[in-house]
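Notes follow the structure.
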Amino acid sequence: MLKPTARRTTLPPAEPAEPVDTETVALLADRLRAASQARLGHELAIRHVNTGSCNGCELEIRALTGVVYNLTRFGLHFVDSPRHADVLLVTGPLTRNLRQALEQAWDATPEPKWVVALGDCAVDGGVFKGSYAVMDGTSNAIQVDLTISGCPPSPARILSGLRALLEANSP
Amino acid sequence: MSRALEIVEPAPREPCRPWPRHVLSAAQWSDLVREPVTLLAAWADPMQVLALFEDPFSETILLVSVAMDAGFYPALSPHHPGARFYERMIRDLWGHMAAGGDDGSWLDHGHWPHSKPLAIRPGPRPPTADPPEFQPVPEDTLMQWPIGPIGLGIGEAHHLRLTLDGTRIVRAESRLGYTHKGALTLMRSKSPRIAARFAARLAGDSTVAHSIAFAKATEAALAVLAPPRAVGLRGLMLRLERIATNLDDLGTIAGMVGAPEAQARCGVRQEYLRRGLADAFGHRLMMDCVVPGGVSADADANGLAALRQVLAALEDEIPQIRYLFGTGVLAARLTGLGVIAGGDAAQRCRVRLRAIDRDTGAAIDLLTDLPEGQLAVVLPLESGEGLGKAASARGDIWHWLRLDHGQIAAVFPRDPGWALWPLAEAALASSEARDAGSICASLGLPVSGMDL
């Protein structure tokens, strides 16, 4: 039976985040200068690209969009089309069956763009490294700018990586 | 005795624990397939095709196999429509053809370095890539809408092809295999302890359930029992994983139909639960915590205390979440959505809420009464065949394996996705195109575990 409850708990506010890792920011900023790449500004639009993940990384990315981490307060948000994206957030060991899809997404993303390989699989294939069906990570198809390791990386870790990217891009 | 039992009874048996494997002739196989038995899974090894049935009359599990006859076996799909995807998968991985069945491709899209990777002699690489084939559009007034493999939102990679008449879906066809990682080849010739890492990464949302089914199959094959404390911890982890996955599914569905409060509440509870899991078991998803023979490490006492608080808070919150799903706009938006077998999206959400309720109570009980003792037993380096089962949030997971002196000779994990995708195709047909996303979300369609 469905009955309304008298007591209504309030939702918690977003938690304060750790300070951004200055070393990563400096490395990313150097990279930007070296490539004389235009800075993207105070806001990054992210397109998630699944290249064969087990759904573990996706669970943790979804957690980021919830009220506890509240990604949007930092100027980070997810978009549905690579044409609207500044960043491709790639998960999975890059299966051979998804290589073309990743390349199409990359081609569709306007310059300047960044590629983040998220999770051990995307970094180098992870446990699936060497399988006939995978290409051992994102970097074997497109150039990767930032890697976030972990199986899967925790939301706090993902957030720290994405915020470093944002800092490096801030004018 | 039921008719199905009468068919398998005269056949020779191979020792498989806890259910023997009936080695059927092609005629017996065809007879059994015609009976009203429930198909749970079908797979193969290089020499034969195996199938797992449940006989509803005698309530018995029937594991059967049939030897290949010049590369063919009698098809399952004419009598079990859900077997279509299994037949395609068996063709792609082992090269066995279903006589009278579906001979399309499923996992193999023509990009692998060789075909039939699990056959004794893998075949050459096909000359051209094999793009997914779909049924032709019958009339030129209809249009096709391709979705995926990189879908909308943060989810898994798959392809849906919707044939539309205006905004109404006339036919929905799915094509999977994009996330195929070659897990079965990686597990072969390894010890169960090492192969458990792959079993744990078949589906991240059901890593504990897959690990338990794999561990149980190994333990059955070797006739060993996990110690009582390991069994208790496994039961606890399985329930906690189901709660987290059900919360994730409910949150996703709520988000899809524009109910941010329900989505936020489910997300907050899931996040606090995952933190408790990290404290207690050292991993937010509990990956690699269950191993064949027991569990890999003991739970942290402070972490278990933290989990107790998380669960108590969740118990308090459940009425609020149930209220949001059961009344007002959310209920109205979910009612009548994706009707299949008499149930709609609203009903599927109620099933999930009940499961969260039940699992929370059971987890609290388990926490107060965890047996003491050792965590794992040593696995003997012996040969044997075994089946194991675990109930994930998405449905039953079965693992079968054959060990040869402590090494895996053949293995197959059956993910609930095999049963859910055919349902999704049926539920989408005659629905509105704009509802496709929420219908799929309400079914909680897993991809990776099924893509192997």
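Of note:
- Check on A:G126, small (G, A, S) and either within 12 Å of the chain's Cα centre (by Cα) or surrounded by fewer than 20 Cβ atoms within 10 Å (Cβ to Cβ) (or both): no
- Only a single item in (1) closer than 30 Å to B:P113 by Cα; (2) under 13 Å from the mean Cα position of the chain (by Cα); (3) modelled with pLDDT of 95 or more is not met by A:V134, and it is number (2).
- Residue in the stretch A:102-118 that is assigned to a helix (DSSP H, G or I) and either closer than 24 Å to A:R163 by Cβ or at the interface with another protein chain (Cβ under 7 Å from one of its Cβ atoms) (or both) present: yes
- The one condition from (1) surrounded by fewer than 23 Cβ atoms within 10 Å (Cβ to Cβ); (2) closer than 19 Å to B:A209 by Cβ; (3) not assigned by TED's automatic domain parsing to the domain that holds B:V339 that B:D404 does not meet is (2).
- Complete set of residues in the stretch B:258-275 that are farther than 21 Å from B:I439 by Cα, aliphatic (A, V, I, L, M) and more than 9 Å from chain A (Cβ to nearest Cβ): B:L273
- Within the stretch B:309-321, residues that are closer than 19 Å to B:T368 by Cα and of a type outside the set (V, I, T) reach no partner that is surrounded by fewer than 16 Cβ atoms within 10 Å (Cβ to Cβ) and at pLDDT 95 or above with beta carbons closer than 7 Å at six or more positions or on different chains.
- For the residues B:E87, B:E35, the requirement of being closer than 21 Å to B:G100 by Cβ, touching a Gly at 6+ places or on another chain (Cβ under 7 Å) and either modelled with pLDDT of 95 or more or acidic (D, E) (or both) singles out B:E87.
- Meets criteria (surrounded by fewer than 17 Cβ atoms within 10 Å (Cβ to Cβ), within 13 Å of chain A (Cβ to nearest Cβ) and farther than 30 Å from B:A223 by Cβ) for B:R308: no
- Hits in the stretch B:276-292 (condition: at the interface with another protein chain (Cβ under 9 Å from one of its Cβ atoms) and in a helix (DSSP H, G or I)): B:A278
- The condition of being part of a strand (DSSP E or B) and away from chain A (no Cβ under 14 Å) holds for B:A98.
- Single match in B:A220, B:A226 (criterion: more than 9 Å from chain A (Cβ to nearest Cβ), in a helix (DSSP H, G or I), at pLDDT 95 or above and farther than 19 Å from B:V310 by Cα): B:A220
- Checked against the criterion of being among the charged types (D, E, K, R) and modelled with pLDDT under 90, the candidates B:R348, B:R352, B:R333 yield just one match: B:R333.
- Among all positions in the stretch B:159-169, there is at least one residue which is surrounded by fewer than 21 Cβ atoms within 10 Å (Cβ to Cβ) and touching a Pro at 6+ places or on another chain (Cβ under 6 Å).
The values are calculated or read from the model by the stated rules, or taken from the named source; none is laboratory data. From a predicted model like this one, the values you see are computed outputs, not experimental measurements. Here the Cβ is made from the backbone with ideal geometry for all residues, glycine too, and neighbour counts use every protein chain on show.
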